[in-house]
Amino acid sequence: MLGPTSARQATSPFARLNERLAGVAPGLPPINLTIGEPQHPVPAFVAPVIAENIALFGRYPPMRGTDAFRGTVARWLDRRYSLATAIDPESMVLPLNGSREGLVLAALAARQRRPEIDRPVVLLPNPFYQAYAAGAEVAGAEIVLLDDGADGRAIPDLSRICEDVLSRTIALYIASPAAPQGDVATTDDWTRVLETARRFGFMVFADECYSEIYRDVPPPGVLQAADRLGDGYAGVLTFHSLSKRSNLPGLRCGFVAGDPDFLGAWMRFRNIAAPQVPGPIQAVAVAAYEDESHVAENRALYNAKYEAAAAILGPNVRPKTPAGGFFLWLEVGDGEDAAVRLWQEAGVRTIPGAYLALPRPDGSNPGTPYIRVAMVQDLATTQEALTRMARVLG
Ligand SMILES: Cc1ncc(COP(=O)(O)O)c(C=O)c1O
């Protein structure tokens, strides 16, 4: 079920798709559903907040974030996850220039934290967000790919991993909602992951950047499980982003929160190596985390698109409405073949699932039967794309 894999095998799925579709003309005016780049409107408060704070572009921003940024994020986490042990804004929160750079660079810090391990391992779900593989690469670690849990949810089950691998593991990446499948980890799932991670001394990097894009029920967070276990936030980092929550992928702003010792050590490295978040952008983040109404509107827009998908793709294609995220993960037989036909016959650009995963040791790729459809366009465009897709796939 698993085996060591080199991070170098992971490539950008978009570059790979461009190569595959080079010279193939779209059958209709193109609709791009490949990139998970939200196209809903930028919230109205963004421009005035940037204007009010424009002078801050004249200053180098503080790497550890402004007091307002860290305080607002800590309060948001306490509220969102009803935490009994409050997040300390002084030691448990750092701003990120988008969560991607944090997800990559944290692996290096996880490596530095466990120098005694000879052949370090990073555990990844499969399929996975490609930045995790970049993290493994900068850390000089082998990748071990995790299968879905026995119940078919894209939440890995660490009890199936042998102790030799776990004892060499420096970090586990785990996304909830899972990307692209949209499955959500329960508090019990998180608790089991944390117990194993603490037993073997590796870091849990919880990618929760889709946490606010859910259908009905807010996904439980890793911090909730840590809070429930009662030993503070050691060994846990959660990564969040305004890209998906607030339709601000171009703002490049997110945060990491959790283990104060890890963040303290990482901070010293980040101070000389990592990108700071500009002052006006941190001010926008403060406004964004103080407001939930634009997030609720955003959820309603995505939910309407899942309803459209169920109605339009219907019984033949049988789209699954996931608990979280904004992707359709459609089982279509051969995903690469379907992606080529959708482009060629309908002008709809989607990603073959295999491009988002790595082959298992036996050569099989868990993404092969799927395509990923990012439902990021407005409702009318999405309906048009779904209607065309139904014709090709139905
Ligand atoms: C699963 C997942 N994690 C993290 C990110 C990084 O987002 P950002 O760097 O914009 O915060 C993305 C972006 O597409 C993603 O899909």
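Laboratory data are not the source of any read-out in this text; all were calculated from the coordinates shown. Quick caveat, the model's predicted, so the values are computed rather than measured. Counting neighbours? That spans all protein chains shown, and the Cβs are built from the backbone with ideal geometry, glycine included.
Taking the range 328-371 on its own, how many of its residues are of a type in the set (A, V, I, L, M, F, W, C) and closer than 19 Å to Gly149 by Cβ?
So the first thing to find is which residues in the range 328-371 are of a type in the set (A, V, I, L, M, F, W, C), and the list is 328-330, 332, 338-340, 342-343, 346, 348, 351, 354, 356-358, 371.
Subsequent filtering for residues that are closer than 19 Å to Gly149 by Cβ retains 329, 356-358.
Summing the residues that are of a type in the set (A, V, I, L, M, F, W, C) and closer than 19 Å to Gly149 by Cβ in the range 328-371 gives 4.
Please work out which residue is surrounded by the most Cβ atoms within 10 Å (Cβ to Cβ), limiting yourself to the range 154-176 and to residues that are away from the ligand (no atom under 16 Å from the Cβ) and in a loop (DSSP other than H, G, I, E, B). Here the residue is Ile161. In this structure, Ala179 does not satisfy being in contact with a helix residue (DSSP H, G or I) (Cβ under 7 Å, 6 or more places away or on another chain) and buried (at least 24 other Cβ atoms within 10 Å of the Cβ).
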